[in-house]
2 protein chains.
Amino acid sequence: MKKIINDPAAVVADSLRGMAAAHPDLLQVRTDPALVLRADAPVTGQVAVISGGGSGHEPLHAGFVGPGMLSAAVPGAVFTSPTPDAVQAALSAADGGAGALLLVKNYTGDVLNFETAAELAGLDGGEVRAVIVDDDVAVQDSTHTAGRRGVGGTVLVEKIVGAAADRGADLARCEQLAREVVGRVRSMGVALTAPTVPHAGRPSFDLGEDEMEIGIGIHGEPGRERLPLESADGIVARLLEPVLADLPFRSGDEVLLYTNSMGATPLMELYLAHGVAERMLAERGITVRRRLVGPYTTSLEMQGMSLTVLKLDDELTELWDAPVRTAALRWGR
Amino acid sequence: MKKIINDPAAVVADSLRGMAAAHPDLLQVRTDPALVLRADAPVTGQVAVISGGGSGHEPLHAGFVGPGMLSAAVPGAVFTSPTPDAVQAALSAADGGAGALLLVKNYTGDVLNFETAAELAGLDGGEVRAVIVDDDVAVQDSTHTAGRRGVGGTVLVEKIVGAAADRGADLARCEQLAREVVGRVRSMGVALTAPTVPHAGRPSFDLGEDEMEIGIGIHGEPGRERLPLESADGIVARLLEPVLADLPFRSGDEVLLYTNSMGATPLMELYLAHGVAERMLAERGITVRRRLVGPYTTSLEMQGMSLTVLKLDDELTELWDAPVRTAALRWGR
């Protein structure tokens, strides 16, 4: 295992300390339980938008904490759900009196722990809602998941709902908007290599020198099929076609296209794949109105990529464009 | 070789087409010769700040083209200097009548080709200056380099000089400022794995399962020594000590600390290493005033990192903070 770490058991806390040092103007970081908050949290009168999940997908979620996006992120151990008490601590620290919305990727442990925390907070009088993100069209059920997995689409939900909360939308509206975005977003990924969890010390799965796994999960969960490595055109078509067929997206649709690196796939390849996806969408009469290209929903040092397509309307486009100031996404402020 | 590409010989042009598709509001992209320009180039009356070099280090340099940073970038083939005629094309397209400053990483081919282009442009009446960046303290001479190599410090030179040009500094002032930043910035890197150049098809060097190369270049050029892999504390100390000793940086100094991933090292590890470096600087009485953490000066899918330290003063800090709008760095606009 080749990693730049000290103690494998302390890697999340050590990394969060570095993140705190890197962004003193932006973030408050706690390590017991692990918690990343806006520097100015709680923001009085604003719905707290909170996400979280296992670590190892950075910048998801802590890199999206800040004005215009998340109020707080709750990082679990690597590829491990955060505990209910960590989620409760985030709720207690971030709620500014207007309630809280939990954005939860659809993994059994995450759903259970976030919903338990929401119930406990409700007993204390806090108003908390949870919306499950399940955008991955690859497989219906998977390791640790009943139903579809939550992957790259989560970034788009966080940005759009965070913008609405920033403008003063109430909890019911934020929840409704989150469900609307979840209903309009679809994703699929591919792995060329496996990630290595620090405390495991070896790759999560074996993949031959000329193989790729189509439909991979962001924890290395099995996908749809293992195939010989193809060209970028072939790979992008294998991701894009199931995504488009699922909603379905149709000629005349306007979309946001998010081309994501799983970690080790370089930006040179990612832009290349993005160009292929734009061409294929144009050929189908689908207009790409907004783009996001980069390593934003990663799986440690896995090589691979994912494509996420969101069907836009004017309101979603405007909320996407709204100012945001986080470690990983920043524009307009 | 596991890459998401079509034709290995067309990878740079294919990637640039994807970049153009991803950033239509920000960039003009040409592929023969390869050239990335600000969407609004040439900007009349403003010094054109131009950089470039072999591809494979993305987002360096094309990801830094935009208001407040570079006017144009000239990408060569992977790990190969751009030709003089490509640099000339950039000069001709970006010069808004106030002259042009070429920021050149110190590699023999880059220096020769950029200086040849500058001379030819001078014969045509354009006013062109070139400043060489040679911030890598690892080795004195290296593969393809007489003197020290130019690495991560280039990003800081580009940002600071680009901000000055954006404010209307003239060519002489931009050149002087670039030399000043070069005089104050030092870097060193480490590799845990080797990069693979697409048209070569195999890793650039062999590194054992438990080995790292201290002082690596961004094209995989040999460093100072090959050692057994150490903890993050050990690795960061091996990079930071030669950097600090070189200028030297002293107790009481205020610095910008740039913690860079070589590509495949995940953000989780990078923040961890950044935290270690901040602690070690604090122990020496050096104050970190500004930070940059991320994969900004990469070497394809190489695992590893580099540290860059810039000695700040009030003017450099203000120019660093000035608004910038590029694909890879954006704040304040």
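Per the listing A:LEU300, A:LEU319, A:LEU281, A:LEU310, the residue uniquely farther than 22 Å from A:ILE160 by Cα, in contact (Cβ under 8 Å) with a residue 12 or more places away in the chain, aliphatic (A, V, I, L, M) and more than 9 Å from chain B (Cβ to nearest Cβ) is A:LEU281. Within the range B:29-68, the residues that satisfy the criterion of being among the polar types (S, T, N, Q) and more than 14 Å from chain A (Cβ to nearest Cβ) are B:THR44, B:GLN46, B:SER51.
Within the range B:175-186, none of the residues are more than 29 Å from B:PRO323 (Cβ to Cβ) and either within 14 Å of chain A (Cβ to nearest Cβ) or assigned to a helix (DSSP H, G or I) (or both).
Residues in the range A:87-117 that are closer than 23 Å to A:ASP40 by Cα, surrounded by fewer than 24 Cβ atoms within 10 Å (Cβ to Cβ) and among the hydrophobic types (A, V, I, L, M, F, W, C): 3 in all. Residues of the range A:190-220 that are open to solvent by less than 10 Å² (accessible area, probe 1.4 Å), more than 12 Å from every other protein chain (Cβ to nearest Cβ) and within 17 Å of the chain's Cα centre (by Cα): A:GLY215, A:ILE216, A:GLY217, A:ILE218. On the stretch given as the range B:31-52, residues that are free of Cβ contacts under 8 Å to residues at least 60 places away in the same chain and either assigned to a strand (DSSP E or B) or under 19 Å from B:LYS105 (Cα atoms) (or both) total 7. Look at the range A:74-102: where a residue is more than 28 Å from A:GLU221 (Cβ to Cβ) and a partner is open to solvent by less than 30 Å² (accessible area, probe 1.4 Å) and charged (D, E, K, R), sitting 6+ places away or on another chain with Cβ atoms under 8 Å, you get A:ALA94/A:ARG38. The residues of the range A:9-26 that are of a type outside the set (A, V, I, L, M), open to solvent by less than 50 Å² (accessible area, probe 1.4 Å) and under 14 Å from B:VAL276 (Cα atoms), listed by number, are A:ASP14, A:SER15, A:GLY18.
Yes/no per residue for (1) within 17 Å of B:ALA98 (Cα to Cα); (2) outside the structural domain of B:ALA98 (by TED's automatic domain parsing); (3) in contact with a helix residue (DSSP H, G or I) (Cβ under 7 Å, 6 or more places away or on another chain):
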residue	(1), (2), (3)
B:PRO24	no, no, no
B:LEU35	no, no, yes
B:ALA41	yes, no, yes
B:SER51	yes, no, yes
B:SER55	no, no, yes
B:PHE64	no, no, yes
B:MET69	yes, no, yes
B:ALA72	yes, no, yes
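Taken over the range B:47-80, residues that are open to solvent by 30 Å² or more (accessible area, probe 1.4 Å) and more than 17 Å from the chain's Cα centre (by Cα) amount to 0.
Anything in the range A:122-140 that is modelled with pLDDT of 90 or more, open to solvent by less than 50 Å² (accessible area, probe 1.4 Å) and under 19 Å from A:LEU171 (Cβ atoms)? List them, or say none. Once the filter is applied, which keeps residues that are modelled with pLDDT of 90 or more, open to solvent by less than 50 Å² (accessible area, probe 1.4 Å) and under 19 Å from A:LEU171 (Cβ atoms), the range A:122-140 yields A:VAL128, A:ALA130, A:VAL131, A:ILE132, A:VAL133.
Which count do you get for residues in the range A:221-234 that are more than 26 Å from A:HIS144 (Cα to Cα) and either in contact with a strand residue (DSSP E or B) (Cβ under 8 Å, 6 or more places away or on another chain) or open to solvent by 30 Å² or more (accessible area, probe 1.4 Å) (or both)?
Let us first name the residues in the range A:221-234 that are more than 26 Å from A:HIS144 (Cα to Cα), namely A:228-234.
Remaining after also requiring either in contact with a strand residue (DSSP E or B) (Cβ under 8 Å, 6 or more places away or on another chain) or open to solvent by 30 Å² or more (accessible area, probe 1.4 Å) (or both): A:228-231, A:233.
Count: 5.
In summary, B:THR143 fulfils each of the numbered conditions (1) open to solvent by less than 10 Å² (accessible area, probe 1.4 Å); (2) within 22 Å of B:LEU300 (Cβ to Cβ); (3) not assigned by TED's automatic domain parsing to the domain that holds B:THR298 with the single exception of condition (1).
Considering the range B:154-189, and only residues there that are over 14 Å from B:THR297 (Cβ atoms) and in contact with a Gly (Cβ under 6 Å, 6 or more places away or on another chain), the residue that is most open to solvent (accessible area, probe 1.4 Å) turns out to be B:ASP166. So which residues in the range B:3-28 are at the interface with another protein chain (Cβ under 10 Å from one of its Cβ atoms) and in contact (Cβ under 8 Å) with a residue 24 or more places away in the chain? Residues satisfying the conditions are B:LYS3, B:ILE5, B:VAL11, B:VAL12, B:SER15, B:LEU16, B:MET19, B:ALA22, B:HIS23. Take B:ARG38 and decide whether it is open to solvent by 10 Å² or more (accessible area, probe 1.4 Å), within 29 Å of B:HIS144 (Cα to Cα) and basic (Lys, Arg). The answer is no for B:ARG38. When A:GLY53, A:GLY97, A:GLY125 are screened for being closer than 30 Å to A:ALA194 by Cβ and small (Gly, Ala, Ser), only A:GLY53 passes. Here is a check on your reading of the model: is A:GLU315 assigned to a helix (DSSP H, G or I) and either over 30 Å from B:ALA264 (Cβ atoms) or outside the structural domain of A:ARG202 (by TED's automatic domain parsing) (or both)? So A:GLU315 fits the description; yes. If you check A:VAL29 against the conditions, is it open to solvent by less than 10 Å² (accessible area, probe 1.4 Å), assigned by TED's automatic domain parsing to the domain that holds A:VAL161 and in contact with a Leu (Cβ under 7 Å, 6 or more places away or on another chain)? Judged against the criteria, A:VAL29 is not a match. Filter the range B:108-166 down to the residues that are hydroxyl-bearing (Ser, Thr, Tyr) and out of contact with any Phe, Trp or Tyr (no Cβ under 7 Å at 6 or more places or on another chain), then identify the one that is farthest from B:LEU319 (Cα to Cα). Ranking the qualifying residues of the range B:108-166, first place goes to B:THR143.
Taken together, the criteria exclude B:THR83 from residues that are of a type outside the set (A, V, I, L, M, F, W, C) and open to solvent by less than 10 Å² (accessible area, probe 1.4 Å).
Among the residues of the range A:281-312, write down those that are assigned to a helix (DSSP H, G or I) and either touching a Gly at 6+ places or on another chain (Cβ under 7 Å) or open to solvent by 30 Å² or more (accessible area, probe 1.4 Å) (or both).
At the first step, the residues of the range A:281-312 found to be assigned to a helix (DSSP H, G or I) are A:281-283.
Answer for the range A:281-312, where residues must be assigned to a helix (DSSP H, G or I) and either touching a Gly at 6+ places or on another chain (Cβ under 7 Å) or open to solvent by 30 Å² or more (accessible area, probe 1.4 Å) (or both): A:ALA282, A:GLU283.
Applying the set (1) in a helix (DSSP H, G or I); (2) within 12 Å of chain A (Cβ to nearest Cβ); (3) within 17 Å of B:VAL139 (Cα to Cα) to B:ILE235 leaves exactly one unmet item: (3).
Of everything in the range B:251-275, what is more than 7 Å from chain A (Cβ to nearest Cβ) and not in a strand (DSSP E or B)? Give them in sequence order. Those that are more than 7 Å from chain A (Cβ to nearest Cβ) and not in a strand (DSSP E or B): B:SER251, B:GLY252, B:ASP253, B:MET262, B:LEU270.
Taking every residue in the range B:188-217 that is outside any loop (DSSP other than H, G, I, E, B) and pairing it with any residue that is open to solvent by 40 Å² or more (accessible area, probe 1.4 Å), at least 6 positions away or on another chain, the pairs with Cβ-Cβ distances below 6 Å are B:THR196/B:MET1; B:THR196/B:PRO203; B:GLU211/B:ARG226; B:MET212/B:LEU229; B:GLU213/B:ARG226; B:ILE214/B:ARG224; B:ILE214/B:GLU225; B:ILE214/B:ARG238.
The values are calculated or read from the model by the stated rules, or taken from the named source; none is laboratory data. Owing to the predicted nature of the structure, the values given are computational and were not obtained by experimental measurement. With ideal geometry, Cβ positions are generated from the backbone for all residues, glycine too; neighbour counts draw on all protein chains shown. Side chains included, ligands, DNA and RNA excluded: accessible areas come from the protein's heavy atoms. Shrake-Rupley method; radii C 1.70, N 1.55, O 1.52, S 1.80 Å.
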